[in-house]
Amino acid sequence: MGWLARLKKMLSGVEGDRELLRAQLHAFSRQIPLLYFILLVNTAAVAATHLSSAPPWLSMYVPGTLGVLCLYRCVRWWRARNRTLTAAQAEREMRSLTWIVSLFGIAFSTWSVLLFPYGTAYQQAQVAFYMATTLVGSVFCLIHLRVPAMLLLCIVILSFAGFLASSGSPVFFAMAIDMTLVGVALAVVIQIYWRTFADAINAQRELQASQQNTQSLSDDNYRLANLDSLTGLPNRRSFFSSLRAISEQALETGGGFNVGLIDLDGFKQVNDIYGHASGDLVLQEVGTRLLSISETGLMFARLGGDEFGAIVRHRLSNEALVELGQRICDALSRPYQVADNVAELSGTIGWAAFPEAGSTVAQVFERADAALYVGKENRRGMPVIFSTEHETRMRRLSLVTQELRHADLEAELFLEFQPIYDLLTRRPIGLEALGRWHNARLGMVRPEEFIRIAERTELILGITDVLLRQALAEVAQWPADLYLSFNLSAIDISTSARARRLIDIVEASGVSPHRVTFEITETALTRDFEQAHSAMTMLKQAGCRMSLDDFGTGYSSLSYVHRLPFDAIKIDRSFVSDVDTNSASKKIIKSVIDLCRNLGLECVVEGLETPLQAQVVKALGARAVQGYLFSLPMRASAVGTFLWTALAQSHAVETQP
Ligand code: C2E
Ligand code: MG
Ligand code: MG
């Protein structure tokens, strides 16, 4: 850059960065009224005392014009005082200010010099005083604008002090020297002030940057503490703190709100079959789908795993809640694209309303959980609203849990056996052991009920041990070609130690492990696939057989069959109940029978109740069957007579001519 360009840049008044420029203009804009006040009042005073001594153009028109210009600038400032300037506008403003200050300096100095000769010595002293005070006042008002302030100093000192010095009067000469010295002092003050001002602006800027940094760190912390990093939804902690805030507000205003708990059905299988990365994608997609559901006052959160929470911040009628719940379930049950596959999942939601279902956050949450529990058992993929019926169920649940905890398992548990038949030979080939519990207070408790409760509390481990020992004691008395089918729970195959214990019980009984088939339901496999796989492998290696129970009631069954070492599949009775009327059930049974044949697995058709059903499944290729048609589950004491009769009958059939 040449010196001319440098000078031009310097004289433009634009120094430092845009931040500093804005701060300068902002600080200056507050002084503008004062600046023009000084100029107007001082100029008017001088003009007034020269009215009679100076020509009108000099005592009236010139100061009048300068005054009008000052007023015009003042009005302009007033109009634009709240305007926020862009960087370019600020630069332009600074340039024009530098020009205006310089021109005003020249104009007022010239006027004073021209006016000077027209008065008495007093009037001349007044003009010199006017120039000195106005200069000091103006420079202080311009103190934030270093270049314009310096320019003004130079212009006035050079012109007016120069004029005084050349007047030939020793008094005026002394005044000129005085003015010049004051000017130099003012220049030093301007320079020092400018440095301080620029440093303060820089420090302020650094402070702001560090505050911004702190704010963004604290925002990050807030996000981490309150958002689920996978789905971007609020997390469990944030869900509960929102719930607490909403409930406090509802208590104050007498309002209400609703809490929903959502659980995905089939998510575990996606994780097991396609891997955790795919599971994550599904959860992300779930988050996106939930967020796409629009409803005023509705918020979602991920509570952990495949469990999500919903809050509706106001009261909703039951119909509206069901309708909203259905929309949520529908959104979740659309197919998911996972890598190159399509996964089918569904979501169940349990709702509870405040204050109807509970008067505290914990109660409402618990009841939404109870509604979800009921939903998962009976109405998967649908919304369920907490009702008194659920309350009764919860009471029953805690009662049964309590009794089960204190039960004398050896004395209260017993078994019934239900035969498994071969349709061709019409002979029993095995018996399934079905657990029964008689409690003094509760009477007979259905296995579906107490087993499920026991599974929730790990009491199942003791139950399995007792029942397995009882069952094996019976097997020892059956003909050697009959096998025992024994139901296991998920938790029974959840560790290798547990599998080892089952093997020990079998070995201790003296019954050949080949006569023992362990039944596992699909849902039992959804807990921890790898662990289930290794426990099953251990049981198989010990010589026991494995059977997949209630086939067709869960998800992705075929992939399980394929990946786990099963020997048999039991087709769930829900397919059998309408096999004689429903062609879809018929096709399913047929394809499972064919699949078993291809894979070399035994296939047991469960729940046959009518001769027609038996006829149909036989025509479809079934051999092993089980159901009330052949025999109800019976007490252990009745098995001996039953077997004797059954074997005798089949023998009679075989030996008929
Ligand atoms: P499951 O293993 O599928 O057992 C078959 C169930 O179907 C039995 O019910 C049996 O009585 C019933 N059943 C058999 N034939 C028919 C029929 O023709 N029609 C109808 N409607 N039902 C039939 P139960 O004894 O009530 O057992 C229910 C479930 O409880 C069992 O289903 C099994 O999953 C579980 N369970 C029973 N005992 C035990 C046990 O000792 N341990 C474990 N972990 N679970 C058990
Ligand atoms: Mg079974
Ligand atoms: Mg079954």
Sorted on mean Cβ neighbours within 10 Å (highest first), peptides 576-582, 509-515 come out as 576-582, 509-515
So for region 51-207, using the alpha carbon gyration tensor with a ≥ b ≥ c as root eigenvalues (a/c under 1.5 gives rounded; past that, a/b versus b/c decides prolate or oblate), I'd call it oblate
In the chain the cysteines whose Cβ sits 4.7 Å or more from every other Cys Cβ are Cys70, Cys74, Cys141, Cys154, Cys329, Cys544
Taking Cα pairs closer than 8 Å and at least 6 residues apart, the relative contact order of the chain in percent is 8 percent
Quick calc, the chain, dipole around Cα centre from Cβ unit charges on Lys, Arg (+) and Asp, Glu (-), nearest 20 debye, gives 3240 debye
Scalar couplings 3J(HN,Hα) for region 636-642 by Karplus 6.51 cos²θ - 1.76 cosθ + 1.60 (θ = phi - 60°), nearest whole Hz, x for Gly and Pro, are 4, 5, 8, 5, x, 4, 4
Rounded to the nearest 10, the angle in degrees between the Cα long axis of helix 583-599 and the longest principal axis of the Cα atoms of the chain comes to 80 degrees
Using alpha carbon centers only, region 219-238 is separated from region 467-506 by a whole-angstrom value of 47 Å
Scoring only Lys, Arg, Asp and Glu (+1, +1, -1, -1) among other residues with Cβ under 12 Å from the Cβ of Thr86 yields +2
Note to self, the chain gives a 222 nm [θ] from helices alone (DSSP H runs n ≥ 4, -39500 (n - 2.57) apiece, / all residues, nearest 500) of -20000 deg cm²/dmol
Ranking Ser53, Ala200, Ile349 by how far each Cα lies towards the positive end of the charge dipole of the chain (+1 on Lys and Arg Cβ, -1 on Asp and Glu Cβ), the top one is Ser53
Taking a crude spin-label model, label points 7 Å out from Cα along the C-beta direction, the Ala87 to Ser574 distance in nm is 6.7 nm
Mean accessible area per residue over the chain (1.4 angstrom probe, all protein chains present, square angstrom) is 49 Å²
For the chain, the percent of accessible surface on carbon and sulfur atoms (probe 1.4 angstrom, ligands and nucleic acids excluded) is 58 percent
The rounded separation in angstrom of the Cα centers of region 51-126 and region 531-549 is 102 Å
In this structure, among Lys540/Lys618; Lys540/Lys570; Lys376/Lys570, pairs with alpha-carbon gaps over 27 Å are Lys540/Lys618
With +1 on the Cβ of every Lys and Arg and -1 on the Cβ of every Asp and Glu, the dipole magnitude of region 221-276 about its Cα centre, in debye rounded to the nearest 20, is 200 debye
With +1 at each Lys and Arg Cβ and -1 at each Asp and Glu Cβ, the charge dipole magnitude of region 2-200 around its Cα centre, to the nearest 20 debye, comes out at 660 debye
Charge dipole of the chain built from unit charges on the beta carbon (Lys, Arg +1; Asp, Glu -1), centred at mean Cα; most positive-end Cα among Leu261, Leu632, Ile38 is Ile38
In terms of the alpha carbon gyration tensor, root eigenvalues a ≥ b ≥ c, rounded if a/c is under 1.5 and otherwise prolate when a/b exceeds b/c or oblate, the chain is prolate
Rounded to the nearest 10, the angle in degrees between the Cα long axis of helix 361-378 and the longest principal axis of the Cα atoms of the chain comes to 40 degrees
Placing each pseudo-label 7 Å from Cα in the direction of the beta carbon, Asp178 and Phe414 end up separated by a distance in nanometres of 12.8 nm
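The values are calculated or read from the model by the stated rules, or taken from the named source; none is laboratory data. This structure is a prediction, so every number in the text was calculated from the model and none was measured. All Cβ positions, glycine included, derive from the backbone under ideal geometry; neighbour counts span all protein chains shown. Remember, those area values only see protein heavy atoms, side chains included, never the ligands or the DNA or RNA. Shrake-Rupley method; radii C 1.70, N 1.55, O 1.52, S 1.80 Å.
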